[in-house]
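Before any comments, here is the structure.
Values in this text are rule-based calculations from the coordinates and carry no lab data. Since this is a predicted model, take the numbers as computed values, not measurements. So basically every Cβ, Gly included, is an ideal-geometry build from the backbone, and we count neighbours across all protein chains shown.
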Amino acid sequence: MTADDRQFPARPIVGVGAIVVDGDRVLLVKRGRPPLHGEWSVPGGAVEVGETLSAAVQREVLEETGLVVSVGPVVEVLDRIHTNGDGRVEYHYVLIDYLCSVVGGDLQARSDALDAVWAAPGRLAEYAVQPVTVAVIERAVHLAHNVAS
């Protein structure tokens, strides 16, 4: 699927997100493509035909950050609908966000990520992370600490 296929879609596109928690920090990427171009968010993207959800999460994180992750439980399922100035739906994703942990690799912005950083969950405002994403990250951090204990 090309970026052009994603704009003004005929139907929603299934996407995945990775909430990668490592101790007291979470992985953020600065998006290099629309929607959210130039904004900080979590790694993720569209699921490719024939690809499992778990494989899509692992591929997206590796492509964007160079990290290899283990995919855990679903944290949230949500709609991300972006309209243009005329009110037409420009992007419509159904996103499935997963709790993940790092098992290898070295952090480096790659692919369609302009930057990649580890951030403290309490400092997400400094990155202007969208409120819906902050809420998902908070749930994931809570889940990660409950799983670890």
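The dipole here belongs to segment 3-148: it is taken about the Cα centre, uses +1 on the Cβ of Lys and Arg and -1 on the Cβ of Asp and Glu, and is about 120 debye.
Summarising the label geometry, the points placed 7 Å from Cα in the beta-carbon direction at Ala109 and Val134 lie 2.2 nm from one another. Expressed as a rounded percentage, what relative contact order does the chain have, with Cα pairs under 8 Å and six or more residues apart? The normalised contact order for the chain reaches 31 percent.
The protection proxy used here, the mean number of other Cβ atoms lying within 10 Å of each residue, ranks peptides 108-114, 90-96, 14-20 as follows, highest first: 14-20, 90-96, 108-114. Estimated purely from DSSP H runs of n ≥ 4, each contributing -39500 (n - 2.57), the mean residue ellipticity at 222 nm for the chain is -7000 deg cm²/dmol once divided by its residues. Kindly identify segment 12-149 as rounded, prolate or oblate by the Cα gyration tensor criterion: order the square roots of the eigenvalues as a ≥ b ≥ c, call it rounded if a/c is under 1.5, otherwise compare a/b with b/c, prolate if a/b is larger, else oblate. Rounded, because the longest to shortest axis ratio a/c is under 1.5. What's the FRET efficiency of Asp24 with Val74 using the Cβ-Cβ distance as r and R₀ = 22 Å, to the nearest 0.05? Calculated value: 0.45. Give the distance, in whole Å, between the Cα centre of segment 133-148 and the Cα centre of segment 71-131. Cα centres, segment 133-148 to segment 71-131: 14 Å. Between Val94 and Phe8, the contour length at 0.36 nm per residue exceeds the alpha carbon distance by 29.5 nm.
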